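Take a look at the structure set out below.
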Amino acid sequence: MYFGFFKGMKYGKCCDDFKSYKRIINDLSKTEILQYIKALPISAIVPMSVVDIFDGQIIEQAGIIEDGDFIFPLDFIHYYEKYNIGIPKEYENYIKDKI
């Protein structure tokens, strides 16, 4: 399951609606989720510059993270930390089984 590829990002076909992620309320705390996803290895480094789609802030690294059947861009972590969004419930349930 691909997620976090928001409209306006530079990764191929990006069609996720950012606003829909603002409506997600997770059971796990933001701290627990960040601790888990920040510990994941980067599956692929993408050789391009990336900027925040809202404020133009440069994001240090572009890349892809794969975790089981879940795939999301490395910069999703930036948006998750900076903006009040959630992760898909399917991925949250997957994380709950891992921690």
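The values are calculated or read from the model by the stated rules, or taken from the named source; none is laboratory data. Worth saying up front: this structure is predicted, and the values here are computed from it rather than measured. Neighbour counts are summed over all protein chains in view; Cβ atoms, including those assigned to glycine, are modelled from backbone coordinates with ideal geometry. With ligands, DNA and RNA removed, areas are computed over all heavy atoms of the protein, side chains included. Shrake-Rupley method; radii C 1.70, N 1.55, O 1.52, S 1.80 Å.
Some values worked out for this structure:
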| read-out | value |
| --- | --- |
| 5 Å binning of all Cα-Cα separations within the chain, expressed as whole percents from 0 upward | 2, 12, 26, 28, 20, 10, 2, 0 |
| Rounded to the nearest 20 debye, dipole of the chain from Cβ charges on Lys, Arg, Asp, Glu | 240 debye |
| The chain - mean residue ellipticity at 222 nm from DSSP helices (-39,500 (n - 2.57) per run, n ≥ 4, rounded to 500) | -8500 deg cm²/dmol |
| Of all accessible heavy-atom area on the chain, the percent that carbon and sulfur account for (1.4 Å) | 53 percent |
| Heavy-atom accessible area per residue - region 7-99, 1.4 Å, Å² | 59 Å² |
| Local electrostatic count, Asn84, Cβ distance below 12 Å [Lys/Arg +1, Asp/Glu -1] | +4 |
| In degrees, nearest ten, helix 89-98 long axis to first principal axis of the chain (Cα) | 60 degrees |
